[in-house]
1. Test of understanding: among A207, A200, A244, A233, which residue is modelled with pLDDT of 95 or more and open to solvent by 40 Å² or more (accessible area, probe 1.4 Å)?
2. Among residues belonging to the stretch 406-447 that are among the polar types (S, T, N, Q) and assigned to a helix (DSSP H, G or I), point out the one that is nearest to the chain's Cα centre (by Cα).
3. Are there any pairs, at least 6 apart or on different chains, whose C-beta atoms fall under 6 Å, with the first in the stretch 325-343 and open to solvent by 10 Å² or more (accessible area, probe 1.4 Å) and the second not hydroxyl-bearing (S, T, Y), and if so, which?
4. Yes or no: F61 within 32 Å of the chain's Cα centre (by Cα), at pLDDT 95 or above and among the aromatic types (F, W, Y)?
5. Give the residues of the stretch 130-159 that are touching a residue at least 40 places away in the same chain (Cβ under 8 Å) and touching a Pro at 6+ places or on another chain (Cβ under 9 Å), sorted by residue number.
6. Would you please list the contacts, defined by Cβ atoms under 6 Å and residues six or more apart or on different chains, that run from a residue in the stretch 40-60 that is within 25 Å of H199 (Cβ to Cβ) and free of Cβ contacts under 8 Å to residues at least 60 places away in the same chain to a residue that is outside any helix (DSSP H, G or I) and open to solvent by 60 Å² or more (accessible area, probe 1.4 Å)?
7. Determine, yes or no, whether V236 is within 22 Å of A292 (Cβ to Cβ) and hydrophobic (A, V, I, L, M, F, W, C).
8. Just the residues that are over 21 Å from K118 (Cα atoms), part of a helix (DSSP H, G or I) and more than 18 Å from the chain's Cα centre (by Cα), please, taken from the stretch 286-344.
Amino acid sequence: MTMPDDAPRAPLTSAEVRALFTPRALRGTWLEIEAALAETQAELGLIPAEAAQAIRAVASFDVIDAEALARDIARTRAPIVSLVRALAEAAGDPAGGYVHWGATTQNVIQTGRTMAMKRAHGAFLARFDRVLGQLADMAEREARTLTVARTNRRHALPVTWGFKLAAWIEEWLRHRDRLSEAAPRVFCAQWGGAVGAMHAVGPQGAALNARLSARLGLGHMRVPSRAAQDGTAEYVMLMGLFGATCAKIARDLFTLMADEIDEVAEDVGDEVVGSSTMPHKVNSKIAVEAIALAARLRAQVTLAFDAMQPSHEGDASSSLMVAPMIAEVCPLAVELAETMEELFAALRLDPDRMRRNLDLTGEYVASENLMMVLGPVIGRTRAHDILHHAIADAGDDRALSDKLLSPGVLPAGVEPAQVRAALDPAAYVGQSVEMALEMADVARQVLRTP
């Protein structure tokens with residue numbers, strides 16, 4: 001069945017994104033670039049219009065023999081030379097003589113790779129925003145679900161699960177902003193001839209650079225130096241940052257799945273097996289995958305920084321680093337976004353277990369609240385010291401209020417009901433609920449904005 005043009009389309013999968021960087025797919029972008037180059041040059045009067053039409057007519061694998069081209073590339077080890085020869089032969093004389101006019105190999109290869117990157121990025125953003133929508137739904141749903149915040153892996157203060165999600169949403173949105181801001185720097189054609197100074201096309205070079213880039217759906221650099229790889233490195237760095245956030249979230253959830261904590265679980269179905277030897281094991285399948293994918297993604301950042309240091313006006317060693325790096329980064333980023341979407345879809349919370357864990361520290365966990373209540377009466381520092389020593393003396397007895405309400409511990413005038421109310425963990429979650437609902441709303445507003 002043919003899908004209507006206005007029907008919603010599912011984003012490319014990570015496997016489909018990986019296919020964008022196969023030799024055949026990339027060579028397809030080169031053919032498109034050569035045809036667009038000829039058309040743009042014809043508009044500027046640099047080559048005959050008839051030549052551009054003839055080049056466009058044969059610039060596809062419907063005409064060019066992909067396997068023969070691959071064999072010739074293996075022989076010449078100069079991919080664009082082989083491509084230009086095949087295209088020129090197919091276009092015939094005199095049109096074939098205008099193929100690749102004033103261009104160089106890296107113009108075509110780098111621009112083709114950027115076209116593939118941009119398409120892959122569209123798939124990534126679609127997955128990225130789907131996860132953002134999941135986070136918004138969860139933050140609203142769990143805005144009031146009581147849990148404990150942990151710092152240095154120990155109980156800190158009562159919060160709600162919505163608060164945790166609100167923090168993840170805002171971090172997710174910061175990544176979105178960074179990617180949006182970087183896009184004009186990243187998705188640029190590299191078009192300036194042999195070294196970037198437009199020697200072969202002269203005064204028409206700037207116009208050719210701008211028009212051709214726009215025709216290909218890309219931005220352009222004013223000085224299209226072959227040695228300028230910082231845009232690519234920036235993109236890889238941003239993907240590394242995204243990977244770090246995903247790993248942080250996945251590790252947090254992975255830890256909360258431990259038997260000793262057991263506050264969350266992955267609902268992956270009864271048929272999924274945890275261990276080949278221990279029937280009782282219910283191991284994480286999705287969070288651990290996210291952690292591993294994120295590590296692989298972050299590992300590319302160091303290579304990106306090396307690749308952005310070609311010598312002088314460019315050298316092949318940099319290009320040989322960039323090509324496999326981008327072919328790895330783009331599908332990895334999409335796969336990681338897919339995995340995070342799967343993780344949040346499968347996540348199941350256990351509020352009862354969260355409350356039992358919170359109660360392990362009893363009234364201690366709300367001691368800051370009582371300190372702030374007592375502060376106006378006896379001063380914050382003195383209140384802190386009294387509570388600190390009372391907790392130390394109480395030991396394993398979590399009923400802090402009983403210790404504090406012993407004669408002579410607190411100043412006269414402090415009401416027992418006031419002390420007990422201040423030490424109720426459920427009543428001391430700060431602005432957790434408000435933050436959760438606010439960030440859920442912010443996320444939805446962003447997703448509604450074109």
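The values are calculated or read from the model by the stated rules, or taken from the named source; none is laboratory data. Note that the coordinates shown come from a computational prediction; the quantities given were computed from them, not determined experimentally. Don't worry about glycine lacking a Cβ; one is built from the backbone with ideal geometry, like all the others, and counts go over all protein chains shown. Note: areas computed on protein heavy atoms with side chains; ligands, DNA, RNA excluded. Shrake-Rupley method; radii C 1.70, N 1.55, O 1.52, S 1.80 Å.
1. On the way: A207 fails: open to solvent by 40 Å² or more (accessible area, probe 1.4 Å); A200 fails: modelled with pLDDT of 95 or more; A233 fails: open to solvent by 40 Å² or more (accessible area, probe 1.4 Å).
Every option except A244 fails the conditions.
2. Keep residues of the stretch 406-447 that are among the polar types (S, T, N, Q), which gives 406, 418, 431-432, 445.
Of the ones still in play, those that are also assigned to a helix (DSSP H, G or I) are 418, 432, 445.
Details: Q418: 47, S432: 26, Q445: 20 Å.
In this case the residue turns out to be Q445.
3. A327/F21; E335/L293; E338/R127; E341/R130; E341/V131; E342/I286
4. Working: within 32 Å of the chain's Cα centre (by Cα): no; at pLDDT 95 or above: yes; among the aromatic types (F, W, Y): yes.
No; evaluated as a whole, the condition is false for this residue.
5. Of the residues in the stretch 130-159, the ones touching a residue at least 40 places away in the same chain (Cβ under 8 Å) are 130-140, 142-148, 155-159.
R130, E142, T145, L146, T147, V148, L157, P158, listed by residue number.
6. As it stands, the answer is I47/W101, since those pairs meet every condition given.
7. yes
8. Of everything in the stretch 286-344, those that are over 21 Å from K118 (Cα atoms), part of a helix (DSSP H, G or I) and more than 18 Å from the chain's Cα centre (by Cα) turn out to be D306, A316, S317.
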